[in-house]
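Take a look at the structure set out below.
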Amino acid sequence: MPTLIEKATRIVAAGNKPKAIDEYVGRVNSGTTAVSIAHMQSPAGWVEPGQRPAFDEYTVVLRGMLRVEFDGGTLDVRAGQAVTTTAGEWV
């Protein structure tokens, strides 16, 4: 049976500037552990500490540019592009 997600849950992110994450599907809003689907809006210059997430990440950039640092370099992801990272990978 389909499940309606009536609204997102606002999550405050770690980082050097305020950033909000509106999670639709994930641990916080729906109890889902396999995937997280959220809308994030980051201010220019926002950065967060490196991490090794326990899940795969899929990011689509709608506006602007996202710089992803990883073991071995950096990757600039621009509006209309996407990037994936694997569970346990340092980003």
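The values are calculated or read from the model by the stated rules, or taken from the named source; none is laboratory data. The structure displayed is predicted, hence computed values, not measured ones. When we count neighbours, we look across all protein chains shown, and the Cβ atoms used for this are built from the backbone with ideal geometry, even at glycine. For accessibility, only protein heavy atoms count, side chains too; no ligands or nucleic acids. Shrake-Rupley method; radii C 1.70, N 1.55, O 1.52, S 1.80 Å.
Key figures for this structure:
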read-out: Solvent-accessible area of residue 3 with every protein chain in place, 1.4 Å probe, in Å² to the nearest 10; value: 110
read-out: Chain lengthening between residue 47 and residue 68 when straightened (0.36 nm per residue, less Cα-Cα); value: 6.6 nm
read-out: Loop sites in the range 1-80: trypsin sites (Lys or Arg not before Pro), DSSP, at most 15 other Cβ within 10 Å; value: 7, 27, 63
read-out: Where chymotrypsin sites (Phe, Trp or Tyr not before Pro) fall in DSSP loop in the chain, at most 12 other Cβ within 10 Å; value: 90
read-out: Loop GluC sites (Glu not before Pro), the range 3-68 (other Cβ atoms within 10 Å of the site Cβ: 15 or fewer; DSSP); value: 6
read-out: Gain on full stretching of the segment that runs from residue 60 to residue 34 - 0.36 nm per residue minus C-alpha separation; value: 7.5 nm
